[in-house]
1. Which of the residues that make up the range 182-202 are closer than 18 Å to Gln286 by Cβ, assigned to a loop (DSSP other than H, G, I, E, B) and polar (S, T, N, Q)?
2. Scan the range 7-18 and give yes if some residue there is modelled with pLDDT under 90 and among the aromatic types (Phe, Trp, Tyr), otherwise no.
3. Scan the range 122-140 and tell me whether some residue there is closer than 20 Å to Thr89 by Cβ, assigned to a helix (DSSP H, G or I) and either modelled with pLDDT of 90 or more or acidic (Asp, Glu) (or both).
4. Let me spell it out: the conditions are (1) touching a helix residue (DSSP H, G or I) at 6+ places or on another chain (Cβ under 7 Å); (2) buried (at least 19 other Cβ atoms within 10 Å of the Cβ); (3) of a type in the set (A, V, I, L, M, F, W, C), and Phe153 meets all of them except one. Which number is the exception?
5. Within the range 405-452, track down each residue that is of a type outside the set (S, T, N, Q), assigned to a loop (DSSP other than H, G, I, E, B) and modelled with pLDDT of 90 or more.
6. Answer with yes or no whether Arg351 is surrounded by 17 or more Cβ atoms within 10 Å (Cβ to Cβ) and either under 14 Å from the mean Cα position of the chain (by Cα) or at pLDDT below 90 (or both).
7. Of (1) part of a loop (DSSP other than H, G, I, E, B); (2) farther than 30 Å from Glu46 by Cβ, Trp274 satisfies all except one. Which?
Amino acid sequence: MSGVRSCEELTALLANKYHLPVASDTPLEWPKSITQNSVELARKIEAEFLPLYRRAQHNYFITSDKTALAYSYFRAAPESLIQGTPRGTLVISHGLGESRPQWLDQIKTFIQEGYDVYIYEHRGQAHSDRPLPNHFKVHVNRFKDYENDMHEFVSEVVKPNARGTIYGVGFSLGGLVATFNTIHHPEDFSALVAIAPAYQIKTRDFPAPIVKGVVDLMVLLGKGEEYSFFQKDFSEEKLDLLRRHTHDADRWQTFLRVLEMYPMTAPGGLTHRWLSEVLGANLRVQREMVHLRKPTLVLEAGADGLIRSEITHKIASRHPWISHYYDPKSFHSMIHDSDSIRNPALTEVIRYLVHPERLDQAAGRSSWEFLQEQSLDFSRRDEIAFSRYAAEEAERRWRVEHPFEILPQSLQTLLKNSQRHLEASSEGQKGLYVFLKAQREKELKKLYPKTP
């Protein structure tokens, strides 16, 4: 699939309606940093992604309980820096059964957007230490270990070396881990992006409380390190199960290619202890979300086969600190899905990271001056829609910080030029601007319901 092609098609997609394209549809142009066509991935793996992976800095971080976690550091692309500095630093917490190489497509986008990227592999997965002799078993002694790992990694590896504001990005299991970290250690991240977060995993046709009670009993009987029900070593059956969580055959082939090159990334089965700990974490996160006090973007996959999306929807649609993006047609692997799902979702992440702070927070990295610089940088890169969007955000931030003062001349000039460039731009850029503006207006209405 070539991806969503127009504003009207995207509106229909997000409303879960059918759209018949017509000549008057307003086209969309996604940011140039996003891989535009999934068919190109096989070539890009050899030509772009693997060289990118080899150029990165790879190392191990030793946790306080002596567990070695594999991690990588990718520097922002030089041409994307703003006055010689990156827009910020992203810390990626991957999903169950994933690894660093499987995020290279997204990492390429982030570094081309001007972000430094750190990504580490969870204990018991991929190249990090395994607690059990059978490396196919996904096991953790305490869910708290995942949270401690992230906090220690951010504190001891990322913060001493970070260039700019630090943001968390978590997917699935990683989204659950990063959410707990943001609740309990709000000093770690300025904002969080949680993609299809595992706030409540599905337990087949059985109620979660019953499954939790059964696996807790198995742990009590000393069988915590044994495979849980229906779980086993890596197999073709396991691959077939994973295949059902993306619409896109080309991205699936890319996943298989990475698996072939890095066999330690092969996903295995879950132990009773792991399932018990994660189900317990699901109960806790739903109780503790009231304590989340950091700007957070939650992307919900409406056709999620692994996560109970209605729980995610209930949390994200009501929480005053959460901006909510919902795609009713997306399977669980939202940012590994087909272009028509992935491109708007990843564009939403890029949009959010332009200015994730709430307007009622004190001025920080995304002050009006920095937003102004971002707008100019987008313009230099011919991302006209984002340039106009960032200029408007700079004006919005200025008016919050200086409610009784006249706009600086530099900002007045920026607003005038960005509007002129937008009017002279392609229909695709104008369509993208409509998408960005609509998302921001929906976000503002959610976060500030009393604002006219």
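The values are calculated or read from the model by the stated rules, or taken from the named source; none is laboratory data. None of the values given here were measured: they were computed from a predicted structure. Note: ideal-geometry Cβ built from the backbone for every residue, glycine included; neighbour counts use all protein chains shown.
1. Listed by number, the list holds a single entry, Gln200.
2. The answer is yes, given that some residue of the range 7-18 is modelled with pLDDT under 90 and among the aromatic types (Phe, Trp, Tyr).
3. No, the range 122-140 contains no residue that is closer than 20 Å to Thr89 by Cβ, assigned to a helix (DSSP H, G or I) and either modelled with pLDDT of 90 or more or acidic (Asp, Glu) (or both).
4. (1)
5. If the condition is that a residue be of a type outside the set (S, T, N, Q), assigned to a loop (DSSP other than H, G, I, E, B) and modelled with pLDDT of 90 or more, then Glu405, Ile406, Leu407, Pro408, Ala424 are the ones that fit.
6. Yes: the conditions hold for Arg351.
7. Of (1) part of a loop (DSSP other than H, G, I, E, B); (2) farther than 30 Å from Glu46 by Cβ, only one is false for Trp274: (1).
Condition check ((1) assigned by TED's automatic domain parsing to the domain that holds Phe180; (2) at pLDDT 95 or above; (3) in contact with a helix residue (DSSP H, G or I) (Cβ under 9 Å, 6 or more places away or on another chain)) across all residues:
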site: Gly224; (1), (2), (3): yes, no, yes
site: Leu239; (1), (2), (3): yes, no, yes
site: Arg244; (1), (2), (3): yes, no, no
site: Asn282; (1), (2), (3): yes, yes, yes
site: Arg318; (1), (2), (3): yes, no, no
site: Asp327; (1), (2), (3): yes, no, yes
